[in-house]
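Below is one structure; the comments refer to it alone.
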């Protein structure tokens, strides 16, 4: 039987029989579906990446107004495009940890205040120039400083000085930060010749692919960079086709016009997966759908109101009905198991009695006004309606006001006291907390101001003893869980799909969806 | 031909005035929308400093009047400027989008206009009998179903199930004409189904109206065949209303097909405009608005001129 299975594996890996057929035949000889899936993945990986061919990707989240400047990357399409031609100093490894990319190695002073990145030698940009530490310095300067318009400014702000010494790039921080390498994986911080100061939109970098044709909002074509410094990047040509409409994107995958798509709508993901030649991939991530209240505005300044709302949230129902199971329950902190140094805490369950108790204790009687729109997160108005019902069982009146999609992020989010929103998460806890929960954070969208929390956050940055740091983060999580303005019912999975014409998918890749945007580069044409 | 020329001149002058007013309306409308281009570009990752820097770079701190007249000055000298969002030259981007839109509209019109008129004639010839009723029923059903739904239905059955036509209609330079036509087969089919009924019904109604006249009775008494009466005597006298409807539908094919473009991811003007409206990219919105308005005004003018030329009484006024 083992011979038979091996025979099947090889055939499936070579694409001579379909995945569905392999699973069926394996099941016929008594292998469970899960085991068969693993076997197949191993066999395909064992067959090794094939070079050449064309991979076509159907992309959601891209518009014709998009810039090619990595400093202005703000959506999935832009990030996919910049990943092809540009590289950061360091990058997240698929299953945790940091991989040096354009930095050959990095180290810090004992107090985590001075960081040295040794720049890799012998790497050339696609315009033929050699990449040097000066290019790195110029890039980092373009993303920081008073003049910048970069989306990475929030990360760069804590840097006191930057300099080049020989082939090393040296950062000195205002305060110690043990997580600095994680910050350097930010998708804006791609090294460009002379920092991109000459032409930020030139799309010239050290990446595995070279941009051949760019029509923002329509189509991007890349060809393999023949001089790429390492053995990454398999397909000879990669085509990104922008298909923002969900139904059209799925249809393009089903009819074989594209080999892979991002953002499969959870509502139809089960149906899509049933097609014989298509696999839907889900990866748990740090992205979460949230209900956020301003803690400095009545009635949310009353912690009993917050607790009433938190106990009145039916989290499992949200995961089942809004995410269709493609996600996991949240616990009123922005952190989940996808973060390093995560400590689980007791799950807050739906409890109408406790909700009613806190509501009565708060003395509030007026209905709570919640603002929502479809682009705060998919199906947010439905989630608001579910919340309204689960609160009603506790006798808490909730009024839902639907706002237009257009302008939601500028007029409602971070302006109105209670609304639905979305956070895509960050690679480390420090960054997530510094971005949105520190008293002085720009995007403190819950107006959460807690001295103890701030002290812990700063102390944790300088703490190099992992056990102590872990405890500090656990304490901070507990403070937010009990006193924060964040109601976090669910973490959404990234749901992507590919056909069996291509292989090499890595399950549960850290970072963002579609293998942290590396799927087109790391996958290969199998059939 | 004197009066026709005078009319054209009048209409042209009026059209230019209209375009000017349209540009003011679009400018004010975009200003009223919440948020600005800097905020839209940076999105959720905007910091106050980055916003301020971007605003200064894009010149958003100038007073609106200055910005409007800067833009107007550019347009009058033939310079549409560059997009605020991605710095691309608007004339170039717009040119390729416009030619895509016209390409799609052209092929949809080539199929739908003759088909609609032919079906209209057929319906008159067999009026109140089964062919008439069948034609009306089918075309009225297709115009009543929302176009995106027809799109999805065709996409699923023709594209995914039968595999006859691609579901993604992205076209780009370097494709041959055959490939392009194959690519736009489904959107052309959808657009044809959507515009057919309007033109067909108008043709039918206009000809039936003429058929009541005494000279048609004379023609019948002369012993002409029914189809010849319709084609030679009734149709020429109903050209004016038919041309009007045809032009309205042509205008729709150019300016109103954004939903079809989105469903089939066709890189036309509609999608381009919507993307830039949501980013508050004023110069692009202005340029698109002007082109759309010009198409509408131009086609309507053409309709008027054709109706006048087709009517000897208007052609040779006493």
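Inspect segment A:156-170 for any residue being crowded, with 21+ Cβ neighbours inside 10 Å and assigned to a loop (DSSP other than H, G, I, E, B) and give the result as yes or no. Quick ask: steps written out before the conclusion?
Of all residues in segment A:156-170, those crowded, with 21+ Cβ neighbours inside 10 Å come to A:156, A:169.
Still in the list and also assigned to a loop (DSSP other than H, G, I, E, B): none.
For segment A:156-170, residues crowded, with 21+ Cβ neighbours inside 10 Å and assigned to a loop (DSSP other than H, G, I, E, B): absent.
Of all the residues that make up segment A:435-448, how many are more than 21 Å from residue A:373 (Cβ to Cβ), more than 9 Å from chain B (Cβ to nearest Cβ) and in contact (Cβ under 8 Å) with a residue 60 or more places away in the chain? Total satisfying the criteria: 3. The set of residues in segment A:443-468 that are surrounded by fewer than 21 Cβ atoms within 10 Å (Cβ to Cβ) and closer than 17 Å to residue A:290 by Cβ comprises A:443, A:444, A:447. The residue that is surrounded by the fewest Cβ atoms within 10 Å (Cβ to Cβ), among those in segment A:195-211 that are farther than 18 Å from residue A:132 by Cβ and touching a residue at least 12 places away in the same chain (Cβ under 8 Å), is A:201. The residues of segment B:40-55 that are without any contact (Cβ under 8 Å) to a residue 40 or more places away in the chain, touching a helix residue (DSSP H, G or I) at 6+ places or on another chain (Cβ under 9 Å) and part of a helix (DSSP H, G or I), listed by number, are B:42, B:43, B:44, B:45, B:49, B:50, B:51, B:52, B:53, B:54, B:55.
Could you identify the single residue in A:137, A:153 that is touching a helix residue (DSSP H, G or I) at 6+ places or on another chain (Cβ under 8 Å) and free of Cβ contacts under 8 Å to residues at least 12 places away in the same chain? If you could, list the steps in order and put the result at the bottom.
Working: A:137 fails: free of Cβ contacts under 8 Å to residues at least 12 places away in the same chain.
Residue meeting the stated conditions: A:153.
Yes/no per residue for (1) in contact with a strand residue (DSSP E or B) (Cβ under 8 Å, 6 or more places away or on another chain); (2) closer than 16 Å to residue A:229 by Cα; (3) within 14 Å of chain B (Cβ to nearest Cβ):
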{"site": "A:67", "(1), (2), (3)": "no, no, yes"}
{"site": "A:73", "(1), (2), (3)": "no, no, yes"}
{"site": "A:83", "(1), (2), (3)": "no, yes, no"}
{"site": "A:86", "(1), (2), (3)": "no, yes, no"}
{"site": "A:101", "(1), (2), (3)": "yes, yes, no"}
{"site": "A:108", "(1), (2), (3)": "yes, no, no"}
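The number of residues in segment A:231-243 being touching a helix residue (DSSP H, G or I) at 6+ places or on another chain (Cβ under 8 Å) and more than 7 Å from chain B (Cβ to nearest Cβ) comes to 6.
Under the condition of being at pLDDT 90 or above, within 13 Å of chain B (Cβ to nearest Cβ) and in a loop (DSSP other than H, G, I, E, B), the residues counted in segment A:244-291 number 7. The single condition from (1) in contact with a strand residue (DSSP E or B) (Cβ under 7 Å, 6 or more places away or on another chain); (2) part of a loop (DSSP other than H, G, I, E, B); (3) closer than 28 Å to residue A:95 by Cβ that residue A:325 fails is (1).
Within segment B:280-318, count every residue that is in a loop (DSSP other than H, G, I, E, B) and in contact (Cβ under 8 Å) with a residue 60 or more places away in the chain. Qualifying residue count for the region: 5. Note on segment A:208-230: residues that are touching a helix residue (DSSP H, G or I) at 6+ places or on another chain (Cβ under 7 Å) and part of a loop (DSSP other than H, G, I, E, B) amount to 2.
Matching residues to (1) assigned by TED's automatic domain parsing to the domain that holds residue A:437; (2) surrounded by fewer than 22 Cβ atoms within 10 Å (Cβ to Cβ):
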site	(1), (2)
A:260	no, no
A:265	no, yes
A:270	no, yes
A:292	yes, no
A:300	yes, yes
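Tallying residues that are within 30 Å of residue B:165 (Cα to Cα) and touching a helix residue (DSSP H, G or I) at 6+ places or on another chain (Cβ under 6 Å) within segment B:199-239 yields 2.
The set of residues in segment A:131-160 being under 26 Å from residue A:429 (Cβ atoms) and over 26 Å from the mean Cα position of the chain (by Cα) consists of A:160 alone. Screening residue B:45 on (1) at pLDDT 80 or above; (2) more than 32 Å from the chain's Cα centre (by Cα); (3) within 14 Å of chain A (Cβ to nearest Cβ) shows it passes everything except condition (1). Determine whether residue B:34 is away from chain A (no Cβ under 14 Å) and closer than 30 Å to residue A:154 by Cα. For residue B:34, the condition - away from chain A (no Cβ under 14 Å) and closer than 30 Å to residue A:154 by Cα - is not met.
Scanning segment A:272-286 finds no residues that are within 21 Å of the chain's Cα centre (by Cα) and under 21 Å from residue B:148 (Cβ atoms).
The values are calculated or read from the model by the stated rules, or taken from the named source; none is laboratory data. Just so we're clear, the structure is a prediction, and the values are computed from it rather than from any experiment. Reconstructed Cβ throughout: ideal geometry from the backbone, glycine too, with neighbour counts over all protein chains shown.
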